[in-house]
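Structure record follows, encoded as C-alpha cells.
The values are calculated or read from the model by the stated rules, or taken from the named source; none is laboratory data. Computed from a predicted model, the values in this text were never measured in an experiment. Don't worry about glycine lacking a Cβ; one is built from the backbone with ideal geometry, like all the others, and counts go over all protein chains shown. We work out accessible area using only protein heavy atoms, side chains counted, and drop any ligands, DNA or RNA first. Shrake-Rupley method; radii C 1.70, N 1.55, O 1.52, S 1.80 Å.
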Amino acid sequence: MSESYAGITVPEGEPDGLRAAASRFAGACSSLQAAGAELASMPGSTGSWQGPASVAYAGSCHAQADAARAASGSVRAAAEAARTYASALEVAQREARQAIDEAREAQQRIDAAERAIAAATSDAEAARGRASAAATEIAATAASGVPSPGAIQAQAQAEDDAAAADAAAARGRDALAQARDDLERAKRRGEQAEEDAREAARAAADAFGSAPSEATSAVLAAGG
C-alpha cells in the first residue's frame, strides 16, 4: 500500500525492478542482434546449392534476419525507456516522501499555532475582565473620595496583560498563515511528483508498446 498523507501519495512502483527489467531487455537485444547476424550469414554456408529452393531459403533467412534486427531495435528502445522510467520514478518517489514530511511538519505547526491563538485569546479575555473589574472598583472608591491605589495598579497590570496576549495571538495568526502556506506548498510538490511519475510511465509505455509483449508485461509489472 502506498504511503500517503494530506492528499499526497508516493507513486507506486519499484525502480530496482525496472532496472532489472532493463538489463533483461538489453540481454534480449544482444541475443536478437546475434541471431540476426547468424541468419544473414546462413545463405552463404550452403556452398554451390542453386535453384528455386535455394533462392527461397536465402530469402527466408534474410527476411528473418531483418525481423531480428528490427526486434533488437525495439527491445533496445524498451531497455532505455525502462532505465529512464526507473530514474524518473525514483526521483518522483523521493519528492513525494519529502513533500509528505514537509506536510506533516506544517500540520504540526498549524496545530501548535491554533492552540497558541486559542490560549492567547483566552488570556486576553481574562485580562480584559480583570481590567473591567478594576475599573469598577476605581469608580466606586473614587465616589467616596480616593480611588483605590490597588485597583489602579490592578487595572494597569490587566491592561498590560491584555496587550501582551493580543500580541501573542497576532504572532500565532502569523505563524498559522505561514504554516498553512507551507502545507499547500508541500501538497503542490506532492502533486507534481505524482504527475511526473505518470508522465514517465506514459513515455515508457509508448516504448514498451513496440517491444515483445512478454517483455513488456514484465517491465510494466515491475514499474507498478
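Pairs needed: first member in region 1-24, under 12 Å from Ala88 (Cα atoms); second member anywhere, in a helix (DSSP H, G or I) and polar (S, T, N, Q); C-beta distance under 7 Å; at least 6 residues apart or different chains.
Listed by first residue and then by second, the contacts come to Pro11/Gln93.
One residue is enough: does region 37-45 have a residue meeting the conditions under 14 Å from Phe208 (Cβ atoms) and part of a helix (DSSP H, G or I)? Spell out the reasoning first.
Our first condition is that a residue be under 14 Å from Phe208 (Cβ atoms); within region 37-45, this holds for none.
No, every residue in region 37-45 fails to be under 14 Å from Phe208 (Cβ atoms) and part of a helix (DSSP H, G or I).
Are any residues in region 1-16 part of a helix (DSSP H, G or I) and surrounded by fewer than 18 Cβ atoms within 10 Å (Cβ to Cβ), and if so, which ones?
Going residue by residue through region 1-16, those that are part of a helix (DSSP H, G or I) are 15-16.
The answer is Asp16, and nothing else.
Take Gln192 and tell me if it is assigned to a helix (DSSP H, G or I) and in contact (Cβ under 8 Å) with a residue 12 or more places away in the chain. Don't jump to the end; show me each part of the working.
Values: assigned to a helix (DSSP H, G or I): yes; in contact (Cβ under 8 Å) with a residue 12 or more places away in the chain: yes.
For Gln192, the condition - assigned to a helix (DSSP H, G or I) and in contact (Cβ under 8 Å) with a residue 12 or more places away in the chain - is met.
Which of the residues that make up region 149-186 are among the charged types (D, E, K, R) and closer than 17 Å to Arg128 by Cβ? Show your work before the answer.
The initial filter retains those residues of region 149-186 that are among the charged types (D, E, K, R), namely 159-161, 166, 171, 173-174, 180-182, 184-185.
Of everything in region 149-186, those that are among the charged types (D, E, K, R) and closer than 17 Å to Arg128 by Cβ turn out to be Glu159, Asp160, Asp161, Asp166.
Picking from Glu38, Glu80, Glu105, which residue would you name as being open to solvent by 50 Å² or more (accessible area, probe 1.4 Å), charged (D, E, K, R), closer than 22 Å to Asp206 by Cα and at pLDDT 80 or above?
On the way: Glu38 fails: closer than 22 Å to Asp206 by Cα; Glu105 fails: closer than 22 Å to Asp206 by Cα.
Going through Glu38, Glu80, Glu105 in turn, the sole match is Glu80.
For the list (1) open to solvent by 50 Å² or more (accessible area, probe 1.4 Å); (2) hydroxyl-bearing (Ser, Thr, Tyr); (3) modelled with pLDDT of 85 or more, I need the number of the one condition that Ser23 fails.
Just one mismatch for Ser23, condition (3).
Residue check: is Arg115 in a helix (DSSP H, G or I) and exposed (fewer than 12 other Cβ atoms within 10 Å of the Cβ)?
Numbers: in a helix (DSSP H, G or I): yes; exposed (fewer than 12 other Cβ atoms within 10 Å of the Cβ): yes.
Here the answer is yes, as Arg115 does meet what is asked.
Which one of these does Glu90 not meet: (1) in contact with a Pro (Cβ under 9 Å, 6 or more places away or on another chain); (2) closer than 29 Å to Ala193 by Cα; (3) open to solvent by less than 60 Å² (accessible area, probe 1.4 Å)?
Failed condition: (3).
Could you grab me the full set of residues in region 174-209 that are surrounded by fewer than 16 Cβ atoms within 10 Å (Cβ to Cβ) and over 24 Å from the mean Cα position of the chain (by Cα)? Steps first, please.
Here is the first cut: in region 174-209, the ones surrounded by fewer than 16 Cβ atoms within 10 Å (Cβ to Cβ) are 174, 177-178, 180-181, 184-185, 188, 191-192, 195, 198-199, 202-203, 205-206, 209.
Residues satisfying the conditions are Asp174, Gly209.
Condition first: loosely packed, with under 13 Cβ neighbours inside 10 Å and part of a helix (DSSP H, G or I). Now tell me which residues in region 47-69 satisfy that.
Taking region 47-69 and keeping what is loosely packed, with under 13 Cβ neighbours inside 10 Å, we get 47-53, 55-56, 59, 63.
Scanning region 47-69 gives Pro52, Ala53, Val55, Ala56, Gly59, Ala63.
Taking the stated definitions as given, is Ala127 over 30 Å from Tyr5 (Cα atoms), surrounded by 14 or more Cβ atoms within 10 Å (Cβ to Cβ) and hydrophobic (A, V, I, L, M, F, W, C)? First the steps, then the outcome.
On the way: over 30 Å from Tyr5 (Cα atoms): yes; surrounded by 14 or more Cβ atoms within 10 Å (Cβ to Cβ): yes; hydrophobic (A, V, I, L, M, F, W, C): yes.
Yes.
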